[in-house]
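Asks: I have a structure here, written as structure tokens, and I will follow up with some questions on it.
The values are calculated or read from the model by the stated rules, or taken from the named source; none is laboratory data. Worth saying up front: this structure is predicted, and the values here are computed from it rather than measured. Every residue, glycine among them, receives a Cβ derived from its backbone with ideal geometry; neighbour counts consider all protein chains shown. Heads up: the accessible areas ignore ligands, DNA and RNA and are worked out on the full protein's heavy atoms, side chains in. Shrake-Rupley method; radii C 1.70, N 1.55, O 1.52, S 1.80 Å.
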Amino acid sequence: MRGMKLQVGIGSLEELDYYLGEGADELYCGLYSIPNHVEGARNFSAPAEVIAAGERARRAGRKLFFAANEVHKELLGRTAETIKELVEGGIDGVIIKDLALLDALREKKVRTHYILSTLSYCMNAETLAFYSGYGIKRVALPEQLAPAEARELLRNPYGVQAEVFLKHRECCINYNGLCFLDCHGGLTTFCKRPFRTGKDEYRMAGPGAAERLAELYDYHRLGVEVLKVGRSPVKEASRLIFREARQIAALLGLGLPKERFVARALRIKAGFDALYRYLGKTI
Amino acid sequence: MTERAVSITPLELGALTRKVLQGYERVYLGSEFCQHLLPSLDEVRELKDKGVKELTVLTPLLPTAQLRSFLKLFDRILGLFPGAELSLGDLGLMRAVNRAYGGSVPLLLARPVSADFIRMDERFLARFFSENNLRLLETDEPDRIAAFRGRGVKFSFHYPFKYLSMTRLCPFMKGGVCSRACAGRTLKIQQTAPYRGSFFLKNNFYFAENRGLPPEGVARTVFTLAAGPRREKLLSLNAAARKKKA
């Protein structure tokens, strides 16, 4: 049984080289001038830099995608032109959320590997059919969708593939693309803060790691091929998550029964927990 | 002329008295946030028995099985309310309904998905609405309505709850099972030091308050009944007082 391909977000050529060396199969990046959904992440400065990164990835036999997964009507024309330039420059695909942008790119006849952002909430087979009409070739599954609910969507007749995040590390408690809570600031996000309701403490509930890892196992069994690591505001954190993802992806490739996979993945996680704690104290 | 509507979840059907109904031309039933708060046929029938003439069914994001199941239910709802509107929180449902009914069911684009659309290019949006049989964009963002420069898209304005976020990990669920324990409950959530401020939880969504009155020029206003029927009157009085003072 094969493991999963690893995709990771980068913000510089230095990070590109690091992850190429570490065995990433796919990489993605953004530009400061084009809206993309990530909190405090590093982006590239100019399209030429992205094109250079794409060439370097291609020489290494890997792929580079460009993230333009926010909606911003004032920048629609510039975003479409930039994507056209990047596609002509050889990048391998684009991660998109904005339907108006997909429509504009279709009008401009920009043909590339379009990936629907997880923020677009493709929750069902009908939504997938809708987006496949816009040329979507892959969908980043919503973090809130359970594998059993995604079964039909994953067996779609349009050849649309899927990718998932390493959710026990990177997953919003709420619907992240539809969230207006004020989520600024490095390592502490709004939804992880302690709140009060009268005299009681209130916390926004999230699922446990075992549940998330069991979901990952099921997604892999359902044919999801790509495990995605997002862009953390702290590049060392991204590197840790990538290394953890790599070990877990390899574990999936062993074809273990689900319970044994989860137990061993939790041991991997426990080892990395200590490293994250150390990182938290040192930055 | 602005149409006046009132919005309720099935849990609040009891609060919808004939007296309350007198003030509204249309009732929204369901939830644009929670898949467990879609109405049953009996609940829709109850609405009919209370004398409701115009119905809009609110729907959230739906996984495939729930979407299919809702389509069957909606077909039966149309038997009770042949002109029922559907407020969609899911583009897949939009596709499915348009394919099933050939554009004869009036569709609206619901919150929170509409928050992305109101930020999209206006010319695209007008074409998208026209191509997909969408009649209204539902929003609670008055500043976005004011900033909208295009034509061809009409708005309905929801108040006094302003959406902030929603979750599938509902705090009211026990062991992953929904027993609609959220009925009648709105929690005020306060931030702790060093942060300040508060917001609210109702059902599975977090919200703040829209304190002003609906902006001018909207096609419809939708008042959330759970805010308390007197709340709307208070808002109007406050707004009138402010206007007079100004």
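Asks: Show me the three semi-axes of the equivalent ellipsoid for region A:1-79, from the C-alpha gyration tensor (sqrt of 5 times each eigenvalue), largest first, rounded to whole Å.
Replies: Details: eigenvalues 113, 39, 24 Å².
That gives 24, 14, 11 Å for the three semi-axes.
Asks: If you build the convex hull over the alpha carbons only and average its shadow over all orientations, what do you get for chain B? Give it in nm² to one decimal.
Replies: Over every viewing direction, the Cα hull of chain B projects on average to 15.0 nm².
Asks: I would also like to ask the following. Could you work out which residue, out of A:158, A:114, A:217, moves most in a Gaussian network model of chain A, that is, has the largest mean-square fluctuation with Cα springs under 10 Å?
Replies: With Cα springs under 10 Å in chain A, the top fluctuation among A:158, A:114, A:217 is at A:158.
Asks: Can you tell which of A:179, A:122, A:171 shows the greatest fluctuation in a Gaussian network model of chain A with Cα springs below 10 Å?
Replies: Residue with maximal mean-square fluctuation among A:179, A:122, A:171: A:179.
Asks: If I model region A:28-179 as equal point scatterers sitting on the Cα atoms and use the Debye formula, what is log10 I(q)/I(0) at q = 0.17, 0.18, 0.20 Å⁻¹?
Replies: -1.01, -1.13, -1.34
Asks: Where does region A:149-240 land on Rg(C-alpha)/(2.2 N^0.38 Å)?
Replies: That works out to 1.32 for region A:149-240.
Asks: Additional query: For a test of the definition: using alpha carbon positions, the gyration tensor, and the 1.5 limit on a/c, classify region B:71-183 as rounded, prolate or oblate.
Replies: oblate
Asks: Turning to a different aspect of this structure: Given a 1.4 Å probe, show me the residues in region A:84-126 buried by at least 30 Å² of accessible surface when comparing the whole protein assembly to the chain alone.
Replies: Buried on complex formation: A:99, A:100, A:103, A:123, A:124, A:126.
Asks: Next up: To the nearest Å, what is the center-to-center distance of region B:149-214 and region A:256-274, using C-alpha atoms only?
Replies: 36
Asks: Roll a 1.4 Å probe over the protein chains and send me the accessible area per residue for chain A in Å².
Replies: 41
Asks: Enter the accessible area of residue A:246 (Å², nearest 10), with the probe set to 1.4 Å and all protein chains included.
Replies: 80
Asks: Tell me, what % of the accessible area of region B:140-230 is carbon and sulfur with a 1.4 angstrom probe?
Replies: Percent of accessible area from carbon and sulfur atoms in region B:140-230: 50.
Asks: Can you give the charge dipole size of region B:133-223 about its Cα centre, rounded to the nearest 20 debye, using +1 on the beta carbon of Lys and Arg and -1 on the beta carbon of Asp and Glu?
Replies: Numbers: 15 positive and 6 negative charges, 46 e Å.
Dipole about the Cα centre, nearest 20: 220 debye.
Asks: Do any residues of region A:197-223 show a loss of at least 50 square angstrom of accessible area between the isolated chain and the full protein assembly, using a 1.4 Å probe, and if so which?
Replies: For region A:197-223, once contacts with the other chains are taken into account, A:202 lose 50 Å² or more.
Asks: May I pose another question? With a 1.4 Å probe on protein heavy atoms only, tell me which residues of region B:185-228 lose at least 40 Å² of accessible surface in the complex relative to the chain by itself.
Replies: Residues losing area: B:189, B:190, B:191, B:192, B:195, B:199, B:206.
Asks: Additional query: Taking chain A as a Gaussian network, where each spring joins two C-alpha atoms under 10 Å apart, which residue of A:118, A:197, A:189 fluctuates the most?
Replies: A:197
Asks: At each listed q (0.18 Å⁻¹), what is the log10 of I(q)/I(0) that the Debye formula gives for region B:94-144 modelled as equal alpha-carbon point scatterers?
Replies: Per q value, in the given order, log10 I(q)/I(0) is -0.57.
Asks: Now for a separate question. Hey, can you find the accessible area per residue of region B:1-114 for me, probe 1.4 Å, expressed in square angstrom?
Replies: Result: 37 Å² per residue.
Asks: Taking square-rooted eigenvalues a ≥ b ≥ c of the alpha carbon gyration tensor, is the protein assembly as shown rounded, prolate or oblate, where a/c under 1.5 means rounded and, failing that, a/b exceeding b/c means prolate? If you can, show how the numbers build up before the last one.
Replies: Values: a/c = 1.68, a/b = 1.52, b/c = 1.11.
Verdict is prolate for the protein assembly as shown.
Asks: If you roll a 1.4 angstrom probe over the protein chains with everything in place, what fraction of the accessible area of region B:43-105 belongs to carbon and sulfur, to the nearest %?
Replies: Heavy-atom surface of region B:43-105 belonging to carbon and sulfur, 1.4 Å probe: 49 percent.
Asks: Of all the accessible heavy-atom surface of region A:218-283, with the other protein chains kept in place and a 1.4 Å probe, what percent is carbon and sulfur? List each step's numbers first, then the result.
Replies: Details: 1670 of 3120 Å².
That fraction is 53 percent.
Asks: Work out the P(r) tail for region B:113-177: percent of alpha carbon pairs separated by more than 14 Å, whole number.
Replies: So the pairs more than 14 Å apart make up 63 percent of the total in region B:113-177.
Asks: Could I ask something else about it? Quick one: order B:138, A:49, A:152 from most to least accessible surface, probe 1.4 Å.
Replies: Largest to smallest exposure gives the sequence A:152, A:49, B:138.
Asks: Further, regarding this structure: For region B:129-246, rounded, prolate or oblate, judged on the Cα gyration tensor with a ≥ b ≥ c (square roots of eigenvalues), a/c < 1.5 rounded, else prolate if a/b > b/c?
Replies: It is oblate, given that a/c is not under 1.5 and a/b is not larger than b/c.
Asks: Principal axis lengths of region B:23-96 from Cα atoms, whole Å, largest first?
Replies: Between the extreme Cα coordinates on each principal axis of region B:23-96 lie 34, 22, 21 Å.
Asks: Arrange the residues B:140, A:273, B:42 by how much accessible surface each exposes, largest first, with a 1.4 angstrom probe.
Replies: B:42, A:273, B:140
Asks: Same structure, new question: Provide the buried accessible surface between chains A and B in square angstrom, both chains summed, 1.4 Å probe, rounded to the nearest 100.
Replies: Numbers: alone 13570 and 13140 Å², together 22700 Å².
Heavy-atom accessible area buried at this interface is about 4000 Å².
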